[in-house]
Every structure is written in C-alpha cells, then in structure tokens.
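*Asks:* Shown below is the structure under consideration.
The values are calculated or read from the model by the stated rules, or taken from the named source; none is laboratory data. Values in this document were obtained by computation on a predicted structure and should not be read as measured data. Cβ placement follows ideal geometry from the backbone for every residue including glycine, while neighbour counts extend to all protein chains displayed. We work out accessible area using only protein heavy atoms, side chains counted, and drop any ligands, DNA or RNA first. Shrake-Rupley method; radii C 1.70, N 1.55, O 1.52, S 1.80 Å.
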Amino acid sequence: MAIQRNICYVCSKGVAHGNNVSHANNKTRRTWKPNLQVARIVVEGKTVKIKVCTRCLNAGKIQRAPRKAVAAV
C-alpha cells in the first residue's frame with residue numbers, strides 16, 4: 001500500500017482546479033491542494049504511513065499508531 005499523491009486516505013479529497021482572475025479579468029489556470037499530513041496508522045496489525053487531510057485528522061476519523069511498539073515478553 002503506497003502513499004497516494006495529493007489525495008486524502010479517508011475522504012478522497014484531492015486537487016481542485018480553477019482560474020486566477022485578475023482585476024483586468026484575465027484568467028489563468030491554478031490549482032488548490034488539500035492540506036495533507038503524513039500519519040502512521042495500524043492496518044491489519046502493521047503500521048503504515050498514509051496522507052490525511054487536516055479536517056479528517058481534527059475530526060478524529062483515524063486512530064494514530066503508537067510511537068513505539070512495546071515488545072511482548
């Protein structure tokens with residue numbers, strides 16, 4: 001499972017496209033990128049890195065993996 005580029009793992013929010021419009025009404029293409037952060041989560045017992053938008057992080061839609069795994073004795 002690879003980290004996808006510019007797409008939120010939870011809500012699939014991606015890059016939006018539109019126009020810059022100047023005061024003279026000139027239009028040029030531009031993009032809006034989501035505010036993505038890399039987070040470590042546990043999936044099927046393995047820790048993986050994913051990209052999640054800050055809205056999903058703040059809403060608690062994912063559970064972050066612990067910093068260090070405790071060794072079982």
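*Asks:* Can you report the number of residues in the stretch 17-65 which are in a strand (DSSP E or B), charged (D, E, K, R) and closer than 14 Å to Gln4 by Cβ?
*Replies:* Qualifying residue count for the region: 2.
*Asks:* So, Gln4, is that one surrounded by 10 or more Cβ atoms within 10 Å (Cβ to Cβ) and within 16 Å of the chain's Cα centre (by Cα) or not?
*Replies:* Here the answer is yes, as Gln4 does meet what is asked.
*Asks:* Which count do you get for residues in the stretch 12-35 that are open to solvent by 60 Å² or more (accessible area, probe 1.4 Å), of a type outside the set (Val, Ile, Thr) and within 24 Å of the chain's Cα centre (by Cα)?
*Replies:* Final tally of qualifying residues: 9.
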